[in-house]
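Bear in mind these aren't lab numbers, they're just calculated from the coordinates by the rules spelled out. This structure is a prediction, so every number in the text was calculated from the model and none was measured. Glycine also receives a Cβ, built like all others from the backbone with ideal geometry; neighbour counts cover every protein chain displayed.
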Number of protein chains: 2
Amino acid sequence: MANPLTPDVLVDPVELTRTLVDIESVSRDEKVIADCVEDAMRKTPHLSTERQGNTVMARTQLGREQRIVLAGHLDTVPLNDNFPSTVVDDLIYGCGTADMKSGVALALHLAATLPDPRYDITYLFYESEEIDSQFNGLHLAGQDRPDWLRADFAVLLEPTYGVVEAGCQGTMTATVRTHGRRAHTARAWRGVNAIHAAGEVLRRLEDYQPRRVTIDGCNYREGLSAVRISGGVAGNVVPDECEIDVNLRFAPDRSEEQALAHLREVFKGFDLEVTDSAPGALPGLDAPAARDFLLAVGEEPAAKLGWTDVARFAALGIPALNYGPGDPRLAHAQDEHVEIGKIRDGAATLHRWLAADE
Amino acid sequence: MANPLTPDVLVDPVELTRTLVDIESVSRDEKVIADCVEDAMRKTPHLSTERQGNTVMARTQLGREQRIVLAGHLDTVPLNDNFPSTVVDDLIYGCGTADMKSGVALALHLAATLPDPRYDITYLFYESEEIDSQFNGLHLAGQDRPDWLRADFAVLLEPTYGVVEAGCQGTMTATVRTHGRRAHTARAWRGVNAIHAAGEVLRRLEDYQPRRVTIDGCNYREGLSAVRISGGVAGNVVPDECEIDVNLRFAPDRSEEQALAHLREVFKGFDLEVTDSAPGALPGLDAPAARDFLLAVGEEPAAKLGWTDVARFAALGIPALNYGPGDPRLAHAQDEHVEIGKIRDGAATLHRWLAADE
């Protein structure tokens, strides 16, 4: 197959978005798109390009004082009658248009067309972000090629609808267990019903007042939700155990240890076991490259509430934020689409930020 | 195989218990034991005997004014390293000793040895009581051979440890559902958490004050228990539905309609759907044969709280109660056993009741 990522296409971020969308790349099936991206990068003389699995890294080596990363994942969620792309007026419809091939297009467009940026730039196009973390190309690169991630500042081109979303909240899931004593329901008073005892856990969840906190001008709103409950032995048995999984989203001024202490406080008196946890990421907007970026965007940043791969950079001490043309509410939706105007705006903003001073 | 239910065995209810226990008869595998029982009954000249499936009916036809039923099931729960029987001092150990081959032995012993009882007697030895109701031999006989069940009074020889347990409570299971609206847990305030909403259902269960009622001198104690709870979509999704199965055990002065109205009152404002229901049975202790029976036993009756096949007789307007030598707490236990003294007491009591006046 001839590589559809031709110089004519690379020069136009809108055409490039459509072309990327029309290369099917559901998670674990990214070989073709990675081949195309790798080929286009290797043909760009001012970049040195490497590959691991279906993750492609291309970078300038201009000896600038600062290095930034522009990163995006190549995979999409499964197709849903939304392939290939279609265009209606100012909208490109199709799987991955918002999440996040329009963002990848911005990075790829810059990589091909900006030989002399103000900072050294590392472009990361990675595999399998939409599935289990063990397959995530950024996670794997962090393990095997730590120099690929090394930078003073990173921008993930995840959909934010053109707003800077800074940092991200942490997430912690824990199982709260109540205990009782089995008995036949015909003699229920001989037992202790663990499901009834879970009422107190749900009461505390209902009464919970989530904290709001402002960090670097970003407003974070925490949350604590039951995401699963299960209990029961048989239709005629008073149950002796009930489990409630709770998910805490915590602002990045709390560490995981502090988040756990908070959960233990909320559910004092109950068994609690953490099953999953990921730290948040502070917005880090005082880094010089971040300040320049905010100036180029010219709008106030917002807090990122969901967990994203920016936390992988934060864990390495690298300030990182999300900025992309897609609308995050359309991610994974059947009618996923992106506004052509947002793609053009994003490309102009990134050029303004990254082009060398004249 | 020679029938082990010989005249020598039939004359001794203790020996007969052991012999019945040593004929393996897990539910759906009752052919051998039914063959033995049918053969023994057909050899008893004062009885007329019929069979359907693995259910055997044998009855006197003496033209008495009253007819009673003595009934017991031939099947057991699966063996559990407790076959064949063993004897330790006054105890016979083995699968089915309490539930309910010691009770069956009393009926079989009387059938073989009492040619001239005070009432006409129908003996029912039936299959598959321990499994789904559709296989229950008493249920099937009620459908296909209603005359087998016709009587003025019935005694089920289920384990009661020598106490008369009268009537039985009804049981009703319903699913209570709470509803919400899905959202990402990172933006939990955009959703409505159906598991949190279930807190109110559990609160009402915790606060529930079960009714106690005395009928014919029997104390019934009702109960309302959550027996299953489930809800949850994914670890990062505010769930939009939660289900709680509740089981109501209701005294036999309530009809099923009244029990349902009661549940609707308790869970007012919530979706409620009945998934399973069986009516209770009034004790019916004022029937003349029941009064004579209580005199022969010489002890106060107790309320039956669990649901048993007596309700099948009650549904036909036939007063029925449970009375058997086994300890109901040992039913289905690995160390199931029966006291030899309780078997002898039970046989003596039934003889006292049923022997014709001299």
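Residues in region A:271-279 carry Karplus couplings, in order, of 4, 9, 9, 6, 10, 6, 7, 8, x Hz; the curve used is 6.51 cos²θ - 1.76 cosθ + 1.60 with θ = phi - 60°, and Gly or Pro positions show x. Could you tell me whether region B:266-358 comes out rounded, prolate or oblate from its Cα gyration tensor? Rule is a ≥ b ≥ c as square roots of the eigenvalues, rounded for a/c under 1.5, then prolate if a/b exceeds b/c, otherwise oblate. In terms of gyration-tensor shape, oblate.
Using r as the Cβ-Cβ distance of A:W189 and A:E257, and R0 as 41 Å, what FRET efficiency do you calculate, to the nearest 0.05? Walk me through the numbers on the way to the answer.
Details: r = 43 Å, r/R0 = 1.04.
Efficiency at R0 = 41 Å is approximately 0.45.
Inter-copy label distances at B:H332, shortest first and taken from points set 7 Å along Cα to Cβ: 4.1 nm. Taking the square roots of five times each eigenvalue of the Cα gyration tensor of region A:1-152, the equivalent ellipsoid has semi-axes of 24, 19, 13 Å, listed largest first. Filter B:K43/B:K304; A:K268/A:K304; B:K101/B:K304 down to the pairs with a C-alpha to C-alpha distance above 25 Å, please. Long pairs (Cα-Cα over 25 Å): B:K43/B:K304; A:K268/A:K304. Springs join every pair of Cα atoms under 10 Å in this Gaussian network model of chain A, and among A:R344, A:R291, A:R204 the largest mean-square fluctuation is at A:R204.
Distant-in-sequence amide contacts of B:V237, defined by a placed amide H-H separation under 5 Å and a gap of 5 or more residues or a different chain, comprise B:T185.
Would you compute, from DSSP H runs of 4+ residues alone, the mean residue ellipticity of chain A at 222 nm, taking -39500 (n - 2.57) per run and dividing by the full residue count, rounded to the nearest 500?
Numbers: 11 runs with 105 residues, N = 358.
Here the helix-only value at 222 nm equals -8500 deg cm²/dmol.
Ordered by the number of other Cβ atoms lying within 10 Å of each residue's own Cβ, fewest first, B:K31, A:K43 fall into the sequence B:K31, A:K43. The GluC sites (Glu not before Pro) of region A:33-84 that DSSP puts in a loop, and whose beta carbon has at most 16 other beta carbons within 10 Å, are A:E65.
Sorted from shortest to longest, the distances between the A:P45 label points of this copy and the other copies are 12.2 nm, with each point 7 Å from Cα along the line through the beta carbon. The simple Förster model, with R0 at 25 Å and r as the Cβ-Cβ distance, assigns A:S133 and A:R264 a FRET efficiency of 0.50. Is the C-alpha gyration tensor of region A:68-165 telling us rounded, prolate or oblate? Criteria: a/c under 1.5 is rounded; beyond that, a/b larger than b/c is prolate, otherwise oblate. Oblate.
Rounded to the nearest Hz, the phi-derived 3J(HN,Hα) couplings of region A:313-320 under the Karplus curve 6.51 cos²θ - 1.76 cosθ + 1.60 (θ = phi - 60°) are 6, 4, 5, 8, x, 9, x, 8, where x marks glycine and proline. By the beta-carbon count within 10 Å of each Cβ, the least crowded to most crowded order of A:V297, B:V87, fewest first, is B:V87, A:V297.
Springs between Cα atoms under 10 Å define the GNM used for chain A, and in it the highest mean-square fluctuation of A:Y126, A:Y208, A:Y323 occurs at A:Y208.
All C-alpha pair distances within region B:170-278, sorted into 5 Å bins from zero, spread as 2, 12, 21, 19, 15, 11, 8, 5, 4, 2, 1, 0, 0 percent across the bins.
Normalised by the number of residues in chain B, the mean separation of alpha-carbon contacts (under 8 Å, six or more apart) gives a relative contact order of 23 percent.
Quick one: order B:R145, B:R18, A:R67 by neighbouring beta-carbon count within 10 Å, fewest to most.
Values: B:R145 15, B:R18 23, A:R67 20.
Placing the least packed residue first, the sequence is B:R145, A:R67, B:R18.
Considering the options B:L62, A:L305, A:G231, tell which one lies farthest towards the positive end of the dipole of the protein assembly as shown, charges being +1 on Lys and Arg and -1 on Asp and Glu at the Cβ, about the Cα centre. Of B:L62, A:L305, A:G231, it is A:L305. Along its principal axes, chain B has C-alpha extents of 81, 43, 40 angstrom, given from the largest down.
For the protein assembly as shown, the C-alpha radius of gyration sits at 1.41 times the compact-globule guess of 2.2 N^0.38 Å, with N the residue count.
Plainly put, the tip 7 Å out from Cα toward Cβ on B:G269 is 2.2 nm from that tip on each other copy, the closest given first. Selection among B:A188, B:G170, B:A278 by position relative to the dipole of region B:170-278 gives B:A188 as farthest towards the positive end (Cβ unit charges, Cα centre). Mind telling me which of B:A348, B:A315, B:A188 comes out most flexible in a GNM of chain B, alpha-carbon contacts under 10 Å? The residue that fluctuates most here is B:A188. Less than 5 angstrom separates the built amide H of B:R145 from none of the residues sequence-distant by 5 or more or on a different chain. When +1 charges are put on Lys and Arg Cβ atoms and -1 charges on Asp and Glu Cβ atoms, the dipole computed for region B:192-339 relative to its Cα centre reaches about 280 debye.
For the protein assembly as shown, the Cβ-based charge dipole about the Cα centre amounts to some 1240 debye (Lys, Arg positive; Asp, Glu negative; other atoms uncharged).
Membrane-span-like helices of chain A, defined as complete DSSP H segments with a Cα extent of 18 Å or more along the helix axis and a mean Kyte hydropathy of at least -1.0, are identified as A:194-207, A:340-354.
Couplings 3J(HN,Hα) for region A:209-220, derived from phi with the Karplus relation 6.51 cos²θ - 1.76 cosθ + 1.60 (θ = phi - 60°), are 10, x, 7, 10, 9, 10, 10, 6, x, 9, 9, 9 Hz, where x marks Gly and Pro.
Each Lys and Arg adds +1 at its Cβ and each Asp and Glu adds -1 at its Cβ; summed about the Cα centre, region A:170-278 shows a dipole of about 480 debye.
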